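The values are calculated or read from the model by the stated rules, or taken from the named source; none is laboratory data. Since we're looking at a predicted model, the values are computed, not measured. As a convention, Cβ positions derive from the backbone with ideal geometry for all residues, glycine included, and neighbour counts pool all protein chains shown.
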Amino acid sequence: ITWLFALTGSLLFGSCQKSSTLSETGIIPIPNELVNGTGTFDLSPDSGIKLVGQNEKLTHLGEYLANRLRPATGFDLPVSFDQGQIILELTDSSSDESYNLEISENEVKITASGEAGLFYGIQTFLQLFPVELASSSVQSVEWTIQTGSIKDSPEFGYRGAMLDVARHFISVEDVKYFIDQMASYKLNFLHLHLSDDQGWRIEIKSWPKLTEIGGSTEVGGGKGGFYTQEEYEDLVAYAAERFITIVPEIDMPGHTNAALASYGELNPGVNLPDGDFSTVNKKELDYQMPLKNPQASELYTGIEVGWSTFSSDLELTYAFVDSVVREISELTSGPYFHIGGDESHVTEKDDYIYFVERVQDIVSKYGKTSIGWDEIATAKLLPGSVAQFWAKEENAKLAKDQGNQILMSPATKMYLDMQYDSTSRIGLHWAAYIELDSAYLWEPTEFASGISKENILGLEAPLWTETVTNRADIDYLVFPRLAALSEVAWSSKEKRSWESFQKRVVSHGKRWDLTGVGFYKSPKVNW
Ligand code: TNX
């Protein structure tokens, strides 16, 4: 009899079930602990969302979930503290990012001790539904998910992506789109590369020509653009609602042509009165100096790097940096300010070190912690400053030896602007070709010699935009690699498996197709 039951059971399972277990639904990043149940939970027109806890963010989180479920299901999904089969329980207001998700036949319960954890639990829950859930109109689909339970928490506290909005300007709308995509993969830091040789992208009220002149172009000679301070604050708030912290970067002392083209007096060789300018801003200085300086450099729209520099021995440089750091820090809710520091090939070594050390002091004066590309580790780092490893292991080592942490962005694995292979329609390949399996198959704690888990703050995937001009280009380079990298950042080495990822990413591809994300259909996956 037992035998008979087993046989009919497996026959029934084989024929009726679409997605056979919770672990086979395409959750990315893969959770820490997952136990499959044997039943199903159905979302129905009577389903509601019940909030449990004191935290004032609960209502917001409940509404966020309801808004993600309503369009495709067409259900009301009322959010209340009284009833509902989907329970969101927040036990505290901690910064812990872990969550539990329990799915039984009658109810779903997501529990966390912090808002971010609850948000991540919601993201996992949303990934369990048929892909049609991503639709913006009502779909006639059974909204059934598999039962089981998940306990999940991230491997790294900093899980980031970077957009280079300087080489090609990226609109507020496209940045918000990118933020939404990041949120669904549980990424929590968005680094904006706001200045480079080809453009200055954020309004600085005390130095208005930065955007008037420096913001007026981009690679290839397009019209460029910039964020007003209001727009930038709107981005910071939009990201924060999705538990993403924006890290602003002003790249210096190299990569500064847009600033040098805006203000001639920042260029070397200009005669300036001696004195301490650290407390005056540019508007006041304009009374003492000619507005139009003949020595301003030309705007630049090419893609060469490493040829521009601020003057380390010019006091005005630091007055400028002070104003910029002050204004941007006022708009920044997060702890970090990124000072760039890469590829300063025309800055003397001593000047470079002096500059980085002074700029770190300015950043700390405005209450922020400096992050810089790995070269900054050749200077004396302030305690807490972070070196972003992109190319040189010896720099990562220098940071570690000073007791500072490293943000991992190895170009050969994490650079989203690298081509997939020689046929990729855009992208560069100076570091590597990065196919999807290559982006997935590496271990950050074993990548650079001498750099282990405790030295690593987290991971960040940069999208440089020399060859990226629009949303379609972003989509093509970012997806599916960002999904792979999110798993490297969130999931432990023991849990990750390329074979499993190859299968799980298929449903993400379907969702991307459905929502118009023009991702790269990597031949490594059976889409
Ligand atoms: C190197 S990575 C750069 C960027 C370029 C990128 C292109 C780094 C810190 N500097 O200026 O955009 O390569 O891949």
Practice problem: Output the residue which, of all residues in region 146-155 that are buried (at least 22 other Cβ atoms within 10 Å of the Cβ) and touching a strand residue (DSSP E or B) at 6+ places or on another chain (Cβ under 8 Å), is nearest to SER184 (Cα to Cα). | Solution: ASP152
Exercise. Specify which of the listed residues (ASP196, ASP180, ASP234) is assigned by TED's automatic domain parsing to the domain that holds SER409, of a type in the set (Asp, Glu), within 16 Å of the ligand (Cβ to nearest atom) and out of contact with any helix residue (DSSP H, G or I) (no Cβ under 6 Å at 6 or more places or on another chain).
Key: ASP196
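Any residue that is closer than 15 Å to THR124 by Cα and out of contact with any helix residue (DSSP H, G or I) (no Cβ under 7 Å at 6 or more places or on another chain) - is there at least one of those in region 46-56? Walk me through how you get there before you give the answer.
Going residue by residue through region 46-56, those that are closer than 15 Å to THR124 by Cα are none.
Within region 46-56, not a single residue is closer than 15 Å to THR124 by Cα and out of contact with any helix residue (DSSP H, G or I) (no Cβ under 7 Å at 6 or more places or on another chain).
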Quiz item: Within region 428-449, which residues are in contact (Cβ under 8 Å) with a residue 40 or more places away in the chain, more than 23 Å from ALA399 (Cβ to Cβ) and buried (at least 16 other Cβ atoms within 10 Å of the Cβ)?
Solution: ILE434, GLU435, LEU436, ALA439, TYR440
Quiz prompt | Number of the exception - GLY225 against (1) in a loop (DSSP other than H, G, I, E, B); (2) of a type outside the set (S, T, N, Q); (3) within 13 Å of the chain's Cα centre (by Cα); (4) surrounded by fewer than 21 Cβ atoms within 10 Å (Cβ to Cβ) | solution = (3)
Quiz prompt | Those residues of region 141-182 which are over 27 Å from LYS453 (Cα atoms) and assigned to a loop (DSSP other than H, G, I, E, B), in sequence order | solution = VAL141, GLU142, TRP143, VAL165, ALA166, ARG167, HIS168, PHE169, ILE170, SER171
Quiz item: Could you list, in sequence order, the residues of region 175-208 that are under 28 Å from SER323 (Cα atoms), surrounded by fewer than 21 Cβ atoms within 10 Å (Cβ to Cβ) and of a type in the set (D, E, K, R)?
Solution: LYS176, LYS205
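Give region 378-392 a look and list any residue that's out of contact with any Lys or Arg (no Cβ under 8 Å at 6 or more places or on another chain), touching a residue at least 24 places away in the same chain (Cβ under 8 Å) and not in a loop (DSSP other than H, G, I, E, B), or say none. Full working, then the answer.
Keep residues of region 378-392 that are out of contact with any Lys or Arg (no Cβ under 8 Å at 6 or more places or on another chain), which gives 379-392.
Of the ones still in play, those that are also touching a residue at least 24 places away in the same chain (Cβ under 8 Å) are 379-380, 385-386, 388-391.
Hits for region 378-392 are VAL386, GLN388, PHE389.
Condition check ((1) closer than 26 Å to LYS151 by Cβ; (2) assigned by TED's automatic domain parsing to the domain that holds LEU194) across all residues:
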site	(1), (2)
LEU416	no, yes
TYR440	yes, yes
SER449	no, yes
SER452	yes, yes
GLU466	no, yes
ARG504	yes, no
LYS510	no, no
VAL517	no, no
TYR520	no, no
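Hey, can you tell me all the residues within region 100-138 that are outside any helix (DSSP H, G or I) and closer than 17 Å to SER507 by Cα?
Taking region 100-138 as the starting set, the residues that turn out to be outside any helix (DSSP H, G or I) are 100-114, 128-130, 135-138.
Answer for region 100-138, where residues must be outside any helix (DSSP H, G or I) and closer than 17 Å to SER507 by Cα: LEU128, PHE129, PRO130, SER135.
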Practice problem: Find the residue count for region 452-471, including only residues that are within 15 Å of the ligand (Cβ to nearest atom) and in a loop (DSSP other than H, G, I, E, B). | Solution: 6
Practice problem: Kindly indicate whether any position in region 428-451 is at pLDDT 95 or above, away from the ligand (no atom under 14 Å from the Cβ), in contact with a Leu (Cβ under 7 Å, 6 or more places away or on another chain) and under 22 Å from ARG496 (Cα atoms). | Solution: yes
Practice problem: Keeping to region 347-377, report how many residues are among the acidic types (Asp, Glu) and touching a residue at least 40 places away in the same chain (Cβ under 8 Å). | Solution: 1
Exercise. Identify, by number, the condition in (1) within 15 Å of the ligand (Cβ to nearest atom); (2) free of Cβ contacts under 8 Å to residues at least 24 places away in the same chain that GLY340 doesn't meet.
Key: (2)
Practice problem: Looking only at region 472-488, decide whether some residue is touching a Pro at 6+ places or on another chain (Cβ under 6 Å) and not in a loop (DSSP other than H, G, I, E, B). | Solution: yes
Quiz prompt | Matching option when the condition is at pLDDT 95 or above, surrounded by fewer than 18 Cβ atoms within 10 Å (Cβ to Cβ) and among the basic types (Lys, Arg), among ARG425, ARG481 | solution = ARG425
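So that you can scan it fast, the table gives a plain yes or no per residue for (1) assigned by TED's automatic domain parsing to the domain that holds ALA237; (2) surrounded by fewer than 21 Cβ atoms within 10 Å (Cβ to Cβ):
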position: SER93; (1), (2): no, yes
position: GLU102; (1), (2): no, yes
position: ASN106; (1), (2): no, yes
position: THR111; (1), (2): no, yes
position: PHE125; (1), (2): no, no
position: SER137; (1), (2): no, yes
position: VAL141; (1), (2): no, yes
position: ASP164; (1), (2): yes, no
position: PHE169; (1), (2): yes, no
Quiz item: When the residues of region 396-417 are filtered to those that are under 21 Å from GLY157 (Cα atoms), assigned to a helix (DSSP H, G or I) and hydrophobic (A, V, I, L, M, F, W, C), which remaining residue is nearest to the ligand (Cβ to nearest atom)?
Solution: ALA411
Quiz item: Looking at region 359-370, is at least one residue over 28 Å from THR228 (Cβ atoms) and within 14 Å of the ligand (Cβ to nearest atom)?
Solution: no
Quiz item: Got a sec? Which of ALA240, ALA319 is modelled with pLDDT of 95 or more, hydrophobic (A, V, I, L, M, F, W, C) and more than 30 Å from GLY458 (Cα to Cα)?
Solution: ALA319
